[in-house]
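Peer 1: Let me begin by handing over the structure; questions about it come next.
The values are calculated or read from the model by the stated rules, or taken from the named source; none is laboratory data. Here the structure is a predicted model, which is why all the values come from computation and not from measurement. Don't worry about glycine lacking a Cβ; one is built from the backbone with ideal geometry, like all the others, and counts go over all protein chains shown. Side chains are part of the model used for accessible areas, which takes the heavy atoms of the whole protein and leaves out ligands, DNA and RNA. Shrake-Rupley method; radii C 1.70, N 1.55, O 1.52, S 1.80 Å.
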Amino acid sequence: MNRITYQYQILRFMPDLVSEEFVNVGVIVFQPEHRFLKIQVIDKYRRITQFFDGINGNYLFKTLKHFKSVIDKKANEYTNEVPFRLPESLHTISSETLPNDNSSLYLTEVNLGIDLNLDSAFNKLSKRYIYESLEDSTTYSDKEVWSKIYKPFFEKNGITDSLKEKTIKTSTDVIKFDHAYKNGVWNCIESANFELKHKDSIESKVFKIIGKLDALANSSEDLQYHILAHLNTEDKKNNLYIKKKLQNHKNGKVVINFVTEDDIPEFINRVKTDLHLI
């Protein structure tokens, strides 16, 4: 059998443009010569609402269903109306339905793939980019890393009430931290879950944090950035990569402090000293 080159795009949901955290919610595959156009979107939104507080999951679900119905209609036209001339690029099709207007729902650039069977390729892409992506985290969301793992330590030591919200203005963004305190400079605390199944997800998360650090370096303030990390204790190789990449990232105005669950007693004592609680 001959190998077939096809085009595909990933549909993503990014509710917060500042944090740049996103989740894959759909995939579209297109092959003009075979008149093949197929789309899959998530059929449940519970996992997404767990990760992004305040999201209207029902509205998102209805929007995705509408987008799918439009693409399905086009696919039916391409299959049944044989004389119909198909566009050469998937971008032409998808941009008519979902324009790139900086909304929280967007499509990636068109990618190319090769397979012996288009239905098989579609199923593999759906599994990898939608279903495995949604189950990528084996335990907590970033917010749950704070609320379920680290916050109890702060509460037990009487620190929680001393933490404040802090907004940092950079040349291009406004970055908000839910937990911060000032001791000469602002100390901004953020939690992150790195207990992920896929290496590319880990790398993507690391580079997003690095992007935030670089943005913070463009602010007018000196600050310390404390990242409270939840790691996979059995994945020593990726843990070493995460620590090295973040700890070795040099950033003029931002001092980076990488904290794990093993480090938390020492970090708590540091915070209490900074806040003159001991």
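Peer 1: Name the single residue, out of those in the range 150-180 being of a type in the set (D, E, K, R) and in contact (Cβ under 8 Å) with a residue 60 or more places away in the chain, that is nearest to LEU223 (Cα to Cα). Outline the logic, then answer.
Peer 2: If we filter the range 150-180 for residues that are of a type in the set (D, E, K, R), which is where we start, we get 151, 155-156, 161, 164-166, 169, 173, 176, 178.
Adding the requirement that they be in contact (Cβ under 8 Å) with a residue 60 or more places away in the chain leaves 173, 176.
Working: ASP173: 16, LYS176: 13 Å.
By that ranking, first place goes to LYS176.
Peer 1: Identify, please: which residue in the range 253-273 is in a loop (DSSP other than H, G, I, E, B) and of a type outside the set (Ser, Thr, Tyr) and is, among those, surrounded by the fewest Cβ atoms within 10 Å (Cβ to Cβ)? Step through it out loud before you land on a result.
Peer 2: Filtering the range 253-273 down to residues in a loop (DSSP other than H, G, I, E, B) leaves 253, 260-263.
Subset that is of a type outside the set (Ser, Thr, Tyr): 253, 261-263.
On the way: LYS253: 14, GLU261: 15, ASP262: 9, ASP263: 14.
Here the answer is ASP262.
Peer 1: As an exercise: evaluate LEU112 against (1) at pLDDT 90 or above; (2) under 30 Å from GLU77 (Cβ atoms); (3) assigned to a helix (DSSP H, G or I); (4) among the hydrophobic types (A, V, I, L, M, F, W, C) and give the number of the one condition it does not meet.
Peer 2: Against the list (1) at pLDDT 90 or above; (2) under 30 Å from GLU77 (Cβ atoms); (3) assigned to a helix (DSSP H, G or I); (4) among the hydrophobic types (A, V, I, L, M, F, W, C), LEU112 comes up short only on (3).
Peer 1: Further question: Looking at the range 70-90 only, could you name the residues that are open to solvent by 60 Å² or more (accessible area, probe 1.4 Å), at pLDDT 85 or above and not charged (D, E, K, R)?
Peer 2: ASN76
Peer 1: Are any residues in the range 243-252 out of contact with any strand residue (DSSP E or B) (no Cβ under 7 Å at 6 or more places or on another chain) and outside any helix (DSSP H, G or I), and if so, which ones?
Peer 2: If we filter the range 243-252 for residues that are out of contact with any strand residue (DSSP E or B) (no Cβ under 7 Å at 6 or more places or on another chain), which is where we start, we get 244-245, 248, 250-252.
Result: ASN248, LYS250, ASN251, GLY252.
Peer 1: Can you name the strands (runs of 3 or more DSSP E) wholly within the range 153-242 that have at least 1 residues being open to solvent by less than 50 Å² (accessible area, probe 1.4 Å) and among the hydroxyl-bearing types (Ser, Thr, Tyr)? Explain how you work it out, then say what you get.
Peer 2: Numbers: elements: 164-169, 174-183, 185-193, 223-230.
In the range 153-242, the matching strands (runs of 3 or more DSSP E) lie at 174-183, 185-193, 223-230.
Peer 1: Working carefully through the options ASP136, ASP142, find the one that is in contact with a helix residue (DSSP H, G or I) (Cβ under 7 Å, 6 or more places away or on another chain) and at pLDDT below 90.
Peer 2: Details: ASP142 fails: in contact with a helix residue (DSSP H, G or I) (Cβ under 7 Å, 6 or more places away or on another chain).
One residue alone meets the criteria, ASP136.
Peer 1: If a residue has to be in contact with a helix residue (DSSP H, G or I) (Cβ under 9 Å, 6 or more places away or on another chain) and without any contact (Cβ under 8 Å) to a residue 24 or more places away in the chain to count, how many in the range 183-202 make the cut?
Peer 2: Adding up the residues that qualify gives 1.
Peer 1: Consider only pairs whose beta carbons are under 7 Å apart and that are at least six residues apart or on different chains; among these, list those whose first residue lies in the range 260-273 and is farther than 18 Å from ASP161 by Cβ and touching a residue at least 60 places away in the same chain (Cβ under 8 Å) and whose second residue is assigned to a helix (DSSP H, G or I) and not small (Gly, Ala, Ser).
Peer 2: Within 7 Å, the pairs are GLU261/ILE149; ILE264/TYR150; ILE264/PHE153.
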